[in-house]
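The values are calculated or read from the model by the stated rules, or taken from the named source; none is laboratory data. Nothing here was measured: the structure is a model prediction, and the numbers come from that model. Here the Cβ is made from the backbone with ideal geometry for all residues, glycine too, and neighbour counts use every protein chain on show.
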Amino acid sequence: MLAFMPAQLRLIKPDEPRAAYRADALPLFLAALTCGAAAAAFTELGYRGRLAPVVAGPCAAAFALWCASLALSFAERRAQRFVLTARRLEIERGILSRRVERIELWRVRDVQLHRGPFEKVRGAGRLTLFVARASAEATVTLGPVANARSLYEALLAATVSQRTAATPSAEPVRDRR
């Protein structure tokens, strides 16, 4: 008689990451590199006397500050990480302190992919998620994300599977009193 009883307990697997993506920081890196080269060029022109020090000094300082600002933006964007699991999307941001935002996939109503011509060549893009919250619908923008098309397709597939799993069954519930 005991052999015919179904198992009462089942092992629940942990919510393992399906895919991890990083923000696209290449344009910021190239811009910081260009500004650093411009700052060095203005400094060199001022030292050699080919440009007046009154002009070369402020130009070199401006390009050096712009380079530092772009380098910080590069580090901040490089620290962004997007982890897609079977049930949720985790967004990690921050350099010194980490901020983690979790979006349950069954709450995602729509996903849009935006790609400009430069982003399209590099395979990057921005994703916009329309998420149902308790009070109203919220919009979450991710990006620019490297390999945006693969994240978009994986997010759509995971969202559809979570929405179908979250819908209640059509069978009526019987009272067992």
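Selection within the stretch 34-43: residues that are free of Cβ contacts under 8 Å to residues at least 24 places away in the same chain and of a type outside the set (Ser, Thr, Tyr). The member of this set that is nearest to Ala124 (Cα to Cα) is Ala37.
Looking only at the stretch 24-33, decide whether some residue is crowded, with 17+ Cβ neighbours inside 10 Å, within 30 Å of Ala154 (Cα to Cα) and small (Gly, Ala, Ser). Yes, because at least one residue in the stretch 24-33 is crowded, with 17+ Cβ neighbours inside 10 Å, within 30 Å of Ala154 (Cα to Cα) and small (Gly, Ala, Ser).
Residue check: is Ser97 more than 23 Å from the chain's Cα centre (by Cα), modelled with pLDDT under 90, of a type in the set (Ser, Thr, Tyr) and not in a helix (DSSP H, G or I)? Break it down into steps so the answer makes sense when it comes.
On the way: more than 23 Å from the chain's Cα centre (by Cα): no; modelled with pLDDT under 90: yes; of a type in the set (Ser, Thr, Tyr): yes; not in a helix (DSSP H, G or I): yes.
When the stated conditions are applied, Ser97 does not pass them.
The single residue among Thr159, Thr139, Thr164 that is over 13 Å from Ala23 (Cβ atoms), of a type in the set (Ser, Thr, Tyr) and assigned to a strand (DSSP E or B) turns out to be Thr139. Inspection of the stretch 70-93 identifies at least one residue that is at pLDDT below 90, under 26 Å from Pro17 (Cα atoms), among the polar types (S, T, N, Q) and assigned to a strand (DSSP E or B). Of the residues making up the stretch 95-131, just one is more than 14 Å from Leu155 (Cα to Cα) and of a type in the set (Phe, Trp, Tyr), namely Phe118. When the stretch 81-116 is filtered for residues that are farther than 28 Å from Thr164 by Cβ and β-branched (Val, Ile, Thr), only Ile95 remains.
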